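Contents: one structure, followed by commentary.
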Amino acid sequence: MALERELKLRLSHAVAQALPEHPLLRLGAAPRRRSLHTLYFDTEALELGAAGLVLRLRDSGDARLITVKARGADALGAARREWEWQALDSASGRLGPRDLEQALRSTALGAWAAAADCCNPAGSPHRATAPSSGEPSLDAAASPRRPRPAPISPISRRQPPPPTVAEGAAQALQGLLAPRFQTRFERCAWILDWPGARFEVALDRGACLAWRDGVELRAPLCELEIEVLDGELAHAWDLAWTLAQDHALLLSPIDKARRAVALLRGERLPVLPEPGALAQDASLEQAARAWLQVACAQLAVWAERIAEDDDAHDIHQFRVVLRRLRTALRWLAPHLPRDAAPWLRGELRWAHQLAGLVRDADVALQRLRDVGAANARAAAQARRLAADIERARTRHRSAMQAYAQSARFGRLLLALGRCGECAIAGAGSGALRRMAQRALRRDRRAWRDALGDCEAWFGAAQPELPRLRQALRLHRLRIASKRLRLSAERMAGLLPHKARQRFAHAGKLATALQGHLGDWHDAERLLQVLRERAAAAPQLRRELEQQARASLRQAGHSARQALAGERRDQPPAGVPAAPVVPAAPDAAAPEAAALPEPAAGGPELDAPRVDAHSVEAPDAAEASTQAPSAAAAMPVSTLAAMYPAR
């Protein structure tokens, strides 16, 4: 068994054309070029893939190789177990019994087969399925001009199979496994020497192929793999960062097999779920790795989906991940290298602003559709306003798509991945719990203060909608509620039982309050558009005002519940009275201040969210290039200095 350590980066075909001219690659030896054809075997229900296993037969023109891979422990798949040998008797789109015996004896396939009880010839619950005529084979797909490779000397099998491998198990498994999809691509590979390491840098261009109902399906494949042959994985991050200064190289957690599975099923690329609850004895390093690497993998897939399709859900989820990342960065900033936190804050703020412009437009359009469906008299007015917002959304969407495929976004992914890999170490026992106690205490105190600022207004009669000063107080309460909710979701489970219950209850109240204030905020933004444009839309305005008042009444009820609960509670048990940690420089607003001034000549939603640190919203051409002073203009060597190889 070997441990495969590599980074996978997706790139456009234009970048793939230019990459071989990069000086780092031209200074080395001439690349090796090969045509590779790979068949992936699985059961009819794709059980191997569900178990995190890959079984493939690859034809490289001069050899046929059997490979078994197991899913790695990290979210980005940068390190995983691999077994590989020259094929013994596999050919023509089938796996031979000798190769299957080898796989059952010496790879993770044996443990899977034993657990699934699918290799018992007498009692197998599965039905053998022979490959259909529409499924691929290596021989059928081979070029007629290229002679079939000569037989390869079999690998010595002097040791008999262990007694755990039943007689005939390989034959039983052979009936279950068939080629389900394949890849065909041209590989251009460089062997590159690097200080302290040696890499194979492979540029693959081709396609994933699958068959469904007798129809061939095809998806383009264009990726760069940096495999560590000698040295540490940290050096691969350094090489990727160096190449990413000149080209848009986007870290990807999706390997070729998972891309082909999505093609076969007719699904979009899968997104990694949120990490589970942390154990009570988890270390700060483990928590940082889980939060940063999972978020990096999620951002990479959501960005790829945004670049391929126009789906409001993708934009929303991309923004949710960014919000969680910015929250985690507030907690982790004191433990990160000095140059890392400010750079990441600037880049995450930029990405959040771009996604926020599109998301605001999506929310406004959905609200206008709902108003039109509920009130026929306001429907025409809602359609006119929606047309203006839709034009603004198209511009913001183009900017977001450009950013999602840009070198700047690629550098953000690399920094997050590297930061999660090795930025935090040696924090000591109990550091995570102490951080959770400080963060939750600070966020709950800020939430309580924001509630107190709005208490008098919620307690009084509310004949009119709030004016600017009170609207800003309500917006601050919404942001404080959101922060407390995010903190409680991630870290309340690390506290003692009584404190965990109290913070969890406060988090639920904050969630309800945030939702009601968010509904009010969305209606108020549309009302501002109508006020500033002096639009003659009385029915639409009346409907939006009614919605805003209803949301505020619900928010008032939730706020009074929260205030009563906060007055009853003493300081949570198990949480020491520690001083409030000062906020990070950009922690004042994870979103921009509410109710910005509208853009001249257009709807208010055409204007960016603004705060003390924001930059003007870019167009599509600027989105991937313009940068705050400390962000994209980072020297090539900075990342290596921030995170030295260990």
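The values are calculated or read from the model by the stated rules, or taken from the named source; none is laboratory data. Only a predicted model underlies this, so the values are computations on that prediction, with no experimental measurement involved. Don't worry about glycine lacking a Cβ; one is built from the backbone with ideal geometry, like all the others, and counts go over all protein chains shown. With ligands, DNA and RNA removed, areas are computed over all heavy atoms of the protein, side chains included. Shrake-Rupley method; radii C 1.70, N 1.55, O 1.52, S 1.80 Å.
Table for the structure above
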| item | result |
| --- | --- |
| Residue match in region 329-343 (condition: open to solvent by 30 Å² or more (accessible area, probe 1.4 Å), assigned to a helix (DSSP H, G or I) and either more than 27 Å from Ala431 (Cα to Cα) or β-branched (Val, Ile, Thr) (or both)) | no |
| Hits in region 396-415 - residues which are open to solvent by 30 Å² or more (accessible area, probe 1.4 Å) and not in a helix (DSSP H, G or I) | Gln405 |
| Conditions (1) open to solvent by less than 10 Å² (accessible area, probe 1.4 Å); (2) at pLDDT 95 or above: number failed by Arg10 | (1) |
| In region 440-456, the residues that are buried (at least 17 other Cβ atoms within 10 Å of the Cβ) and not aliphatic (A, V, I, L, M) | Arg441, Arg442, Asp443, Arg444, Trp447, Arg448, Cys454 |
| Only one of Arg418, Arg393 that is in a helix (DSSP H, G or I), under 30 Å from Asp362 (Cβ atoms) and in contact with a helix residue (DSSP H, G or I) (Cβ under 6 Å, 6 or more places away or on another chain) | Arg393 |
| Some residue of region 368-378 being open to solvent by less than 60 Å² (accessible area, probe 1.4 Å) and of a type in the set (Val, Ile, Thr) | yes |
| Residue check, Arg367 in a helix (DSSP H, G or I), over 22 Å from Arg549 (Cα atoms) and not hydrophobic (A, V, I, L, M, F, W, C) | no |
| Any hit, region 481-493, residues being more than 17 Å from Ala439 (Cα to Cα), basic (Lys, Arg) and open to solvent by 10 Å² or more (accessible area, probe 1.4 Å) | no |
| When residues of region 79-94 are limited to those that are open to solvent by less than 20 Å² (accessible area, probe 1.4 Å) and modelled with pLDDT under 90, the one nearest to Arg5 (Cα to Cα) | Ser90 |
| Single residue of region 23-41 satisfying the filter (at pLDDT below 95 and open to solvent by less than 40 Å² (accessible area, probe 1.4 Å)) that is farthest from Cys222 (Cα to Cα) | Gly28 |
| Selection from region 517-543 of residues that are open to solvent by 10 Å² or more (accessible area, probe 1.4 Å), small (Gly, Ala, Ser) and closer than 23 Å to Cys454 by Cα | Gly518 |
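Here's the yes/no breakdown for (1) among the acidic types (Asp, Glu); (2) buried (at least 22 other Cβ atoms within 10 Å of the Cβ); (3) assigned to a helix (DSSP H, G or I); (4) on the phi > 0 side of the Ramachandran plot:
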{"residue": "Ala307", "(1), (2), (3), (4)": "no, no, yes, no"}
{"residue": "Gln317", "(1), (2), (3), (4)": "no, no, yes, no"}
{"residue": "Arg323", "(1), (2), (3), (4)": "no, no, yes, no"}
{"residue": "Ala351", "(1), (2), (3), (4)": "no, yes, yes, no"}
{"residue": "Asp362", "(1), (2), (3), (4)": "yes, no, yes, no"}
